[in-house]
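The values are calculated or read from the model by the stated rules, or taken from the named source; none is laboratory data. Just so we're clear, the structure is a prediction, and the values are computed from it rather than from any experiment. Methodologically, a virtual Cβ is constructed for each residue, glycine included, from the backbone with ideal geometry; neighbour enumeration extends over all protein chains shown.
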Amino acid sequence: MSYEAKVFNVMIASPGDVASERTIIRDVIYEWNAVHSKSRNIVLLPVGWESHSSPEMGASPQEIINNQILDKCDFLVGVFWTRIGTATTEYASGTVEEIEKHIAADKPAMLYFSSQPVVMDTVDPDQYSELSKFKKSCQSRGLYEGYDSHSDFKEKFYRHLQLKVNEHALFQFDVSESFLTQNEIVESNTSIPKLSNEARILLKEASLDSGGTIMSLSYLGGDDVQTNGKNLISSQEPREVARWKSAIQELENEDLIEDRGHKGEVFRITNLGYQIADMIEL
């Protein structure tokens, strides 16, 4: 069933040493959408330079990113660990520039600093020094959050995201009036693609998995297709194995899951996959 929703762009700002956190942010946002978007008439769209920027000449890379992405974002999530990033002409790094300009535009931002263990020989002292200065400057300008593991970060960010969407004025609007007056309104015309019974079951189970993950494993004893704590291949009869392997291919072809291990073994459900899974009734 289609529904109307207001879309908010969520900027993910971070240096290169927190790639796992960037993935966690996207996954948490997708999970929030899967659970809340229809009832709240809100869709959160995670945005980052690696997925939403395009080649352009005539300005500095950071200025291009600001124009293409940052200026269009409503909400920002910033994460740091041991690096601050590459300096720009005005700021300690591109990440810092994104955060400062976003805050200057009076838009909400949430900042996180990791205290996870690190081998100090791998840490650039200049990067860490600049990061410490920035962190100290943030102490008098608001509240930021620390975390000591990826699981801790995921738990905190999911809780904070719910609080922010529930309480911040940005997300408070009259649904009946907003859809008549705002340009940002989109109507979801998503329909369920034609899928085999195995593909429908697999997608639904994957949407219930805490990480939205599907494992396709082959070993001497046979094959497994695992998600949500279950192995969906009940026997090693070749026809059954082929059906479940084909189901994975179906979902990938429809962009409902994506290969995260690049070896055809680990798949993660996509935002579209969560939306379709919510529509499937078994």
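Might you let me know whether the stretch 224-245 holds any residue that is under 18 Å from SER196 (Cα atoms), assigned to a strand (DSSP E or B) and within 23 Å of the chain's Cα centre (by Cα)?
Yes.
Would you confirm, using the coordinates I've provided, whether ALA59 is among the small types (Gly, Ala, Ser) and touching a residue at least 40 places away in the same chain (Cβ under 8 Å)?
no
Being surrounded by 18 or more Cβ atoms within 10 Å (Cβ to Cβ), touching a Gly at 6+ places or on another chain (Cβ under 7 Å) and not acidic (Asp, Glu) is true for just one of ILE257, ILE276. Which residue is that?
Criteria check complete, one pass: ILE257.
Considering only residues that are more than 28 Å from ASP124 (Cβ to Cβ), of a type in the set (A, V, I, L, M, F, W, C) and assigned to a helix (DSSP H, G or I), which ones fall in the stretch 16-73?
Result: VAL28, ILE29, TRP32, ALA34, VAL35.
In the stretch 159-169, what residues are touching a residue at least 60 places away in the same chain (Cβ under 8 Å), touching a strand residue (DSSP E or B) at 6+ places or on another chain (Cβ under 9 Å), of a type outside the set (Lys, Arg) and surrounded by 13 or more Cβ atoms within 10 Å (Cβ to Cβ)?
LEU161, VAL165
So is ILE257 at pLDDT below 90 and touching a helix residue (DSSP H, G or I) at 6+ places or on another chain (Cβ under 8 Å) or not?
no
Need at least 2 residues that are within 23 Å of VAL10 (Cα to Cα) and of a type in the set (Ser, Thr, Tyr) per element, so show me which strands (runs of 3 or more DSSP E) inside the stretch 75-155 make the cut, counting only ones lying wholly within it.
109-114
Among the residues of the stretch 143-158, how many are of a type outside the set (A, V, I, L, M, F, W, C), free of Cβ contacts under 8 Å to residues at least 12 places away in the same chain and closer than 12 Å to TYR112 by Cα?
Residues that pass the stated criteria total 1.
Just to be sure before I move on: is LEU251 out of contact with any strand residue (DSSP E or B) (no Cβ under 6 Å at 6 or more places or on another chain), in a helix (DSSP H, G or I), touching a residue at least 12 places away in the same chain (Cβ under 8 Å) and surrounded by 15 or more Cβ atoms within 10 Å (Cβ to Cβ) in the structure I sent?
The answer is no for LEU251.
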